[in-house]
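See below for the structure under consideration.
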Amino acid sequence: MKISVVNMIPKSLSGESNQDSEPNLAVNPNNPLQIAATAFTPNPTGGTLAPIFISSDGGATWALNAIVPGATGGFPTGDITTKFGGTSNVLYGGILRADTLHLNVLRTNNYAGSAAMTVLVDRASEDQPWVQATTATAVAGTPDRVYIGHNDFNTSPNTATVEQSLNAATAPAPAGFGPITLETTSPGGGQDGPSIRPTIHSSGRIYIAWIDWTTFTGTSITANIVVRRDDNWGTGGTPYSAIGTGGKGVNVASGVTIPWQNAHFLGQERVGSHLSIVVDPNNSSRVFIAWADTPVVSGPYTIHVRQSVDGGVTWGADLRTVANGINPALAIDSVGNIGFLYQTLTGGNTWETHIEISNNSFGTPPTPIVLAKVPSNTPVATFLPYLGDYIYLTAIGETFYGVFSANNTPNTANFPNGVTYLRNANFTTQQLLNVDNVTPVNVSIDPFFFSIQELAFPPIRPISISPIVVQPPIRPITISPVVVQPPIRPVIVSPPVHPIKPPIHPIEPPIRAIAPIKTIGPVHPVEPVEPIEPQKPK
């Protein structure tokens, strides 16, 4: 297994000390060397365009590319997520603009180009757009299909919504995008939870999860964790009605308690809406979900992971729980391994970022891989969220890719599986350094990219094995034409040949061709022959 962790701040920005929190990641399935990432990172040159992080070498190096509209006053955007289409190389974005807080749906066919992303949708009163995209390769024309979960206050109190387009890559604005309201129960508090999360299977089966608020006190929520499903790309007169009574979805968990704390609840971080869902790319009925709640009144804020193997109709009990955990993120690779990324507060003063990878649906608890282990009390938060309301994990082939934010102190003990800093840093003195590689720079929150390759986790499936017979290797041979000869029969040469005493004198005349030997009867035993004098040449 190869684990790579990279601090994404470029060397040219070594002097920055921003709170670069709430990261997201987009890996191009058509070319995994092309990666885009986002965080609350301002444009170092100012202006009205916010940057994304871009890499063209699989995440080894990073640069900023300012192509996102709506930056203002040094702040880049509100919430922002991006995804590539499956084979189109088109990058899609969903943002809350910093200047208006409007929802924008964005698109570019060149993530590394200098042109600003095209605005396809602009609408007020929205929250937390969460982009997922694919190319429908089995559909005529192979269109890009994009699904953006968001909290639409224009339909309050039923705010859980998906914005979707069935042909998003090339059409002019709005490129087929339009909202579909998912919620039907008039949740308490005038809204659903901010997190609305779609996941796409290549067959056209779409799952969407959200947190259905039933009561809201201002500091605490009672809620249901709901999943709806569609089996044909979200089309038809009643989309997302494939499961549940009346097609209104299924409760994965009911009556859970979630603290609503826009304050330093855990290690300077707020809590209130953590959710992730993923479908197995090889099995559209196998789906995992993760969310966080407070199991009992005095219990810790806890992440739960559950699985459905029948397309979301029924859900099993908790497969994993993580106390004092936030930011769950799930992904499944091409051979069925499930990845579970999260951050957990340990010892009351340390944020640890873990990933667990299981080849048997957590039947055997996997050993967490610790990506970062950093102080939670420094630097002091300048705004919330401190680390982010989400991080991200995805899988392309058998490689997991992810992003998280953390304290950036250059200390090898903080990164047990190693780390590479692009920005200037002295790991001996544990000091960040400016572009001159001399001037000290204060500790801050940075985004960290990671990838995990060459996993030794083949999926476990029941098989029947017959006895194995090892055969020698087959080597190439050249066979000449086979000539069938008549069977050889015993012959007798007449007259009998008697032993000849030496010396034999050379025969002077040339040897003439001898007529073919005729086949005669079987040889009968004879009496011993007495030696005779050698014959003289004629």
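Students often get this wrong: which residues of the range 27-56 have the backbone nitrogen under 17 Å from the point 7 angstrom along Cα-to-C-beta of Val435? Label zone hits: 42-47.
Here each label is just a point 7 Å from Cα along the line to Cβ, and for Val380 and Asp310 those points are 5.6 nm apart. Descending by average beta-carbon neighbour count within 10 Å, the peptides 104-114, 242-252, 400-410, 123-133 line up as 400-410, 123-133, 104-114, 242-252, the highest first. Centroid-to-centroid, using Cα positions, the range 1-60 and the range 179-213 are 29 Å apart.
When the chain is fully extended, how far beyond the present Cα-Cα distance does Val296 get from Val335, taking 0.36 nm per residue of separation?
10.4 nm
Rounded to whole numbers, the Karplus 3J(HN,Hα) couplings from phi for the range 24-32 are 9, 9, 9, 10, 6, x, 7, 7, x Hz, using 6.51 cos²θ - 1.76 cosθ + 1.60 with θ = phi - 60°, and x at Gly and Pro. Amide H contacts of Tyr301: Asn324, each under 5 Å away and 5 or more positions distant or on a separate chain (H built 1.01 Å from N in the peptide plane; Pro and chain starts excluded).
Which FRET efficiency value, to the nearest 0.05, is calculated for Asn442 and Ala60 with the Förster distance at 35 angstrom and r the Cβ-Cβ distance?
Numbers: r = 26 Å, r/R0 = 0.75.
Once rounded, the FRET efficiency stands at 0.85.
Distance from the alpha carbon centroid of the range 251-279 to that of the range 64-116 works out to 26 angstrom.
Please state the shape class of the range 61-203: rounded when a/c is under 1.5, otherwise prolate if a/b exceeds b/c and oblate if not, all from the C-alpha gyration tensor. It is oblate, given that a/c is not under 1.5 and a/b is not larger than b/c. Stretched out straight at 0.36 nm per residue, the stretch from Thr420 to Ser203 would grow longer than its current Cα-Cα span by 74.3 nm.
A rounded overall shape is assigned to the range 2-453, the ratio a/c of its alpha-carbon gyration tensor axes (a ≥ b ≥ c) being less than 1.5. Computed from backbone phi with θ = phi - 60° and the Karplus coefficients 6.51, -1.76 and 1.60, the 3J(HN,Hα) list for the range 434-441 is 6, 4, 6, 6, 10, 5, x, 10 Hz; x is used for glycine and proline.
Computed from the coordinates by the stated procedures, all read-outs in this text should not be read as laboratory data. Worth saying up front: this structure is predicted, and the values here are computed from it rather than measured. As a convention, Cβ positions derive from the backbone with ideal geometry for all residues, glycine included, and neighbour counts pool all protein chains shown.
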